Amino acid sequence: MVMAAEPQFHVLAVDDSLFDRKLIERLLQKASCQVTTVDSGYKALEFLGLREGVEINDPDAVSTSPVIHQEVEVNLIITDYCMPSMTGYDLLKEVKESSACKNIPVVIMSSENVPARISRCLEEGAEEFFLKPVRLADLNKLKPHMMKTKLKNQKLEEIETPSKVESGTVAAVVEPESEVEPKQIYLQVVQQEEQTVSNNKRKSVEEGLSTHRSRPRFEGITTAV
Amino acid sequence: MQRQVALIKQSLFDQGYLDEQFVELEELQDDANPNFVEEVATLYFKDSARLISNIEQALERGSFDFNRLDNYMHQFKGSSTSIGASKVKTECTMFREYCRVGNAEVFSLFRTCDECRCLRTFKQLKKEHATLRKKLEQYFQASK
């Protein structure tokens, strides 16, 4: 089977400073990520489909149900903490409280080392907290987090559209009618996951796999690779 | 020309104007982004000129609003750190410390001392900042 090329991650970077946005964008590009930058928490929520392009303190705003933009997949959100009107922490909360986006890993950046701030963010569900200036080595630490969500999304797509060939880590087409093939492909996907995800993450990856209700027969598999 | 570039760069590091963060930025440059460092340096000096002007205005008003000054300095320190402007960063840190102390100061006489320290530090900061700007301009010019 052909080993797929390293998947492209799409990162949404949020920072009110143009200087910092340029920096984080270049860093993410260097780390082989696709980048979208926005200058505020509101724009970020808009991009994620959690806001209808309306400022929260706009008195004339009509509240509508949010439209989820399925076409734009975001594998990670990296945001500055100190921003006017909506802080990185506020954005983190909004993301984690939304059903559509709560599984997107969120990373907070700050130029200030305030332990209370750091623990508050981590408690709210932030994956990591980076002190600025962020370096390439910091971003490389994020790959396993992004890989986890990307694989989860791919697997969900796979189940919904079985004839679609994925350009990511799944190397073969899934044939749900056949009894033998799906199991083999499933194991292949898991094998590739094992190679890319560190051993510490194995438990969470397996837990992720076992939640797919459409394949109850695979729940018992603990891959002996 | 190459030698001149190397000399300018070396003196910037030796004299403590730049630190290893600048090297990190240079490593982000490649064939697709050959002028990245110069571009961010331009953004930095645009930002910092604005902050210096804001701080000067705040100081000219006579009454020291330590909170506001600290806020400006927080931004200034942040971007100075990100570009590797070592001396400027140090002056920002000192300024913020005097703001912190001055803000908590009860005795007006001591508060005036803190204000003086702030002014002195700010003067030094502007000097370091101007020197860095000039030297980096020379460096980028020589690199072309």
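Just so you know, in the stretch B:26-40 the residues that are more than 8 Å from chain A (Cβ to nearest Cβ) and in contact (Cβ under 8 Å) with a residue 12 or more places away in the chain include one that is surrounded by the fewest Cβ atoms within 10 Å (Cβ to Cβ), and it is B:E38.
The residue list B:S11, B:S82, B:S48 contains one member that is closer than 19 Å to B:K123 by Cα and among the polar types (S, T, N, Q), which is B:S48. For the subset of the stretch B:14-39 comprising residues that are of a type in the set (A, V, I, L, M, F, W, C) and within 14 Å of the chain's Cα centre (by Cα), which member is farthest from A:S32 (Cα to Cα)? Among those residues, the one meeting the criterion is B:L18. Out of curiosity, is A:S32 at the interface with chain B (Cβ under 10 Å from one of its Cβ atoms) and at pLDDT below 95? Criteria not met by A:S32.
Against the numbered list (1) surrounded by fewer than 15 Cβ atoms within 10 Å (Cβ to Cβ); (2) part of a helix (DSSP H, G or I), B:E128 comes up short only at (1). Residues that are open to solvent by less than 50 Å² (accessible area, probe 1.4 Å), of a type outside the set (A, V, I, L, M) and more than 19 Å from the chain's Cα centre (by Cα) within the stretch B:1-13 are absent altogether.
Name the single residue that is modelled with the lowest pLDDT among those in the stretch A:114-145 being within 24 Å of B:F22 (Cβ to Cβ) and either part of a helix (DSSP H, G or I) or of a type in the set (V, I, T) (or both). Among those that are within 24 Å of B:F22 (Cβ to Cβ) and either part of a helix (DSSP H, G or I) or of a type in the set (V, I, T) (or both), it is A:N140. The residue that is surrounded by the most Cβ atoms within 10 Å (Cβ to Cβ), counting only those in the stretch A:1-19 that are within 14 Å of another protein chain (Cβ to nearest Cβ) and modelled with pLDDT under 95, is A:F19.
Filter the stretch B:41-58 for residues that are within 14 Å of chain A (Cβ to nearest Cβ) and open to solvent by 60 Å² or more (accessible area, probe 1.4 Å); which is nearest to B:V101 (Cα to Cα)?
The initial filter retains those residues of the stretch B:41-58 that are within 14 Å of chain A (Cβ to nearest Cβ), namely B:41-51.
Filter once more, so that each one left must be open to solvent by 60 Å² or more (accessible area, probe 1.4 Å): B:42, B:46, B:50.
On the way: B:T42: 33, B:K46: 29, B:R50: 25 Å.
Of everything passing the filter in the stretch B:41-58, B:R50 is nearest to B:V101 (Cα to Cα).
Among the residues of the stretch A:79-113, those that are touching a residue at least 24 places away in the same chain (Cβ under 8 Å) and part of a helix (DSSP H, G or I) comprise A:G88, A:Y89, A:D90, A:L91, A:L92, A:K93, A:E94, A:V95, A:K96. Restricting the first member to the stretch A:135-147 and to residues that are within 14 Å of chain B (Cβ to nearest Cβ), and the second to residues that are open to solvent by less than 20 Å² (accessible area, probe 1.4 Å) and not aromatic (F, W, Y), the beta-carbon pairs closer than 7 Å and six or more apart or on different chains are A:L136/A:L27; A:L136/A:A31; A:L139/A:L27; A:L139/A:L28; A:L139/A:A31; A:N140/A:A31. The residues of the stretch A:89-134 that are within 14 Å of another protein chain (Cβ to nearest Cβ) and open to solvent by 10 Å² or more (accessible area, probe 1.4 Å), listed by number, are A:S111, A:E112, A:N113, A:V114, A:R117, A:L131, A:K132, A:P133, A:V134.
Within the set B:C92, B:C116, the sole residue that is part of a helix (DSSP H, G or I), of a type outside the set (F, W, Y) and open to solvent by less than 10 Å² (accessible area, probe 1.4 Å) turns out to be B:C92.
In the stretch B:59-88, the residue that is surrounded by the most Cβ atoms within 10 Å (Cβ to Cβ) out of those that are free of Cβ contacts under 8 Å to residues at least 40 places away in the same chain and of a type in the set (D, E, K, R) is B:K77.
The values are calculated or read from the model by the stated rules, or taken from the named source; none is laboratory data. Everything numeric in this text was worked out from a predicted model, so none of it was measured. Glycine also receives a Cβ, built like all others from the backbone with ideal geometry; neighbour counts cover every protein chain displayed. The accessibility values were calculated without ligands, DNA or RNA, using every heavy atom of the protein model including side chains. Shrake-Rupley method; radii C 1.70, N 1.55, O 1.52, S 1.80 Å.
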